[in-house]
């Protein structure tokens, strides 16, 4: 087996966090090699290193037995490594044609410039070669749909005829017909002898197209299998790393009859379509579905940041939530998606971060009562078991798991009725995850309600009482009781209607 | 880049203004009127071009106030009548502008500092140098120098030729990799980087070019007003940004047109003339410029806000 | 003991600034004995206080991540209107002064509306406002020279009460108030969050727009107050009198340890910065450096401070 891409002992740290820990990885030409792993397992970091976007701390990369020194994305591109990024790398103000041939030396005429007509024709040729239809080469990229942009990103990379093709979640933005197109294309490219590596969260796609699968967990390569010699259960257990059951506390329902929050006919553009649901006291309501089906908009709307048409009822009263402050006044708290940009001020202390939402409650004679502040903070840090030197430590010095706990503490400080948790276990170590699950159970038992969004199916199944699955901005299915199993969530996420067995009154 | 109706706005505005001028002062619009106008516009147009380049990558150049003052002051007192000296000196000033701009670019890129604070400080330093060189307004400008720059070649003003040359260069730049790289950086720096653009190098070049254009403006001004002033450049800062914005430039980067900015400079000047014509003293000019800039940016900002709320909801 | 250590550690830059100020002062006094004479120190204190008061607003604005470029002409407008409206007499000061302060605060209010509600970048809004005030004042004055400052105002700026300069008393009160607001109030803490990361501020329920609006109003007020006091110091008003204060206020704030990006810093630091600047200003005639080089020197100082601070920040990442 001639080994064409060989990465040895790759390590990369971001500050305290070790994203990759001595990883060995290799891929051969003619093969489609899938990379699996939970969020934060290191896959994207590896890809960014091979694409030249970031520098590794240690290790070596060899392509066709040649040692590679990648300092910039250009180095990788010139060597024949084509990378299709999840967040795309297109220039919004330029046209489709200009993007595809961006920075390509051989597309310049003898005066060093490109003429639009020539580019237009070249693009049409490329479209023909790769079987793309329905996109106008003169269209400005920012006016395209997400699926069309993804296609252009793919063509942009393919037009340079790379030896190694790396794709990061290429199908997450594609419409179904274009997914078919891409899978067919990849098979063809593999036959032509290219090396193909792709990251995906969609097990059925991986099963359909990959020849070889490698699983990453916590920055390490935990196993490589031939697709034909393994199955999805083994892969999932490799990804999770321990017996699924011991992770989660025993399932118990604390649902009361009282409806704490009701949403009726929430709509916004195409992102939310007629979403309605009821949240009961003590309920843990899961929200599932693939990324980008409207879950984020829903959460942001409930917290007063996004707009939508429709009604919200809190404790039966129709309420208008115009900003986060009003949301919190109504007892709704949000633990946001991104810790570092939305949740915490890294250069401030634990104490200062936690009390941000309740500052006005700490006032005596117009000034902050430090004693009261410290009392509240120390209480919360104890309840959540936040590990830090003291409440005066800077949040930047804490581990990811503890940082997440600080955000939770911050939101608990307002004593919310409803806690919105958006992907709260992302980038959090296993131990802290278990603690968070226990906490959710405890809060439910105390009569609080939780709306929990996660892309990890096991979490939805094991923590939530009911799960609403969103697809294309709609609630396509509500799963509970015996229906709340991973297969149903996946089916619903893909757009299949699963029979709703609403076992609640 | 596609031609959107929005890009035509500056041209529509100037056509409108020309019509008004034609109606109010029918005798005045002749070829030498154009010549007088382009002569007086050129410094601002040059400054606007430099500012546009910087704005395209998402930055701003406040230091051009200092560069213009400095080059204007130096040119006003150090040039002698010797033609060779004049040529060398002019080249020297342009190189100086290039250097001063490069300093901005280096600090902004290597230290990852915000453009406005870096160029604010260099504005101060370069302006201070101008004050040091020329504490009060003075003039010692060689006649030959003035004659060349204000000349007419076959009836066409040198200044107009320069403007046309710049427009031609802009048409070329838009289709060349360097120009596309600039637009790429301004509209999505991350994408530009991942697509292989050497972001740092392009930015440093852009700031250097801004310094170069500012120096051109300063040197030309020496000929145009036949004197030097250590604070000459200060008015150019606001005016160049306004001209660029009228021409369609966005403060966030990625959008803008050099041709549009030149038209913007014309519009500003003609508006000023109209005001004076209607009896408002020239003292009030700054007020109108400031008001104009704020209004335009406010309108752009609000439409952007409304559009975002409608599409994204946040 | 530990508590004192942490206090020192977190305020390192500010303490350093004070030490530098002291060292420069001592160095100059040795070389030029007249520098440390009581009468000269009095003059220094007056100048420092004026700068410090004007820089109060700039401090708050920079902490929230913005900047106020309209300070020069707020100061000049304030001083000019004081002298013109009063015609040099003390009679109607009780009405004139509050009116002027209201006016400059209103200018700050407009800046704030533009920045917070219309989302105009602070640099553009305040640059434009500076121009508007410049043009407006030029237009109103139409080439007339400024007039005399009322003697009462001159007294407040230059006079003593029981041997202590009046202006110093005023300034110390302001320092105490400002420091309490920044360290001990909800509002103060919110400003740091806003300057640090507006998204987090949003997600924490902070009313960002109102906070920014207040901060620009404050800057207008401080500029107006400083302008009045400046008129007292000079004895009259003239058009360009505010020009130097843009850079001086920015330098004082940044040399005083406030980050250029916002999110950190203390008014006490600005005070130290004001001291350093004013003392250095005294250097120049003492060492026969021409006034024109002053600007270059200040610029280089600011440049050095910013570059050093940023290099330190970058090496920590």
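Every number here is computed from the coordinates shown, using simple stated rules; none is lab data. These numbers were taken from a predicted model, which means no experiment stands behind them. With ideal geometry, Cβ positions are generated from the backbone for all residues, glycine too; neighbour counts draw on all protein chains shown.
Summary table
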item	result
Fluctuation leader among B:226, B:47, B:130 - chain B, Gaussian network, Cα springs under 10 angstrom	B:226
Degrees, to the nearest 10: A:370-384 long Cα axis against longest axis of chain A	70 degrees
Rounded to 5, percent antiparallel among DSSP beta bridges of the range A:5-244	55 percent
Helix-only mean residue ellipticity at 222 nm for chain C, each DSSP H run of n ≥ 4 adding -39500 (n - 2.57), per residue, nearest 500	-25500 deg cm²/dmol
Shielding by partners - mean other protein chain Cβ count within 10 Å, residues of A:267-273	2
Other protein chain Cβ atoms within 10 Å, averaged over every residue that makes up A:318-324	2
In degrees, nearest ten, helix A:116-130 long axis to first principal axis of chain A (Cα)	80 degrees
Residue exposure sequence - A:120, C:216, C:298 - by fewest surrounding Cβ within 10 Å	A:120, C:298, C:216
For the protein assembly as shown, share of DSSP beta bridges that run antiparallel, in % to the nearest 5	60 percent
Förster radius 41 Å - calculated FRET efficiency between residue B:138 and residue C:90 (Cβ-Cβ, nearest 0.05)	0.45
In degrees, nearest ten, helix A:400-412 long axis to first principal axis of chain A (Cα)	40 degrees
Relative exposure of A:494, A:7, judged by other C-beta atoms within 10 Å (fewest first)	A:494, A:7
Chain B - Rg over Rh from alpha carbon coordinates, Kirkwood radius	0.97
Cα-based Kirkwood hydrodynamic radius, the range A:5-244, one decimal, Å	18.7 Å
Helix-only [θ]222 nm of chain A, DSSP H runs n ≥ 4, -39500 (n - 2.57) each, per residue, nearest 500	-9500 deg cm²/dmol
10 Å-binned pair-distance histogram of chain A (Cα, whole percent)	4, 17, 25, 25, 18, 9, 2, 0
Residue order, fewest to most surrounding Cβ atoms within 10 angstrom, among A:143, A:31, A:446	A:446, A:143, A:31
For the range A:55-189: relative contact order, % (alpha-carbon pairs under 8 angstrom, 6 or more apart)	35 percent
DSSP beta bridges in the range A:245-493 [antiparallel fraction, %, rounded to 5]	60 percent
Choice from B:257, B:187, B:208 showing the highest fluctuation, given a GNM over chain B with Cα pairs closer than 10 Å	B:187
Residue mean of other protein chain beta carbons inside 10 Å, C:257-263	2
Radius ratio Rg over Rh of the protein assembly as shown, counting only Cα atoms, Kirkwood formula for Rh	0.99
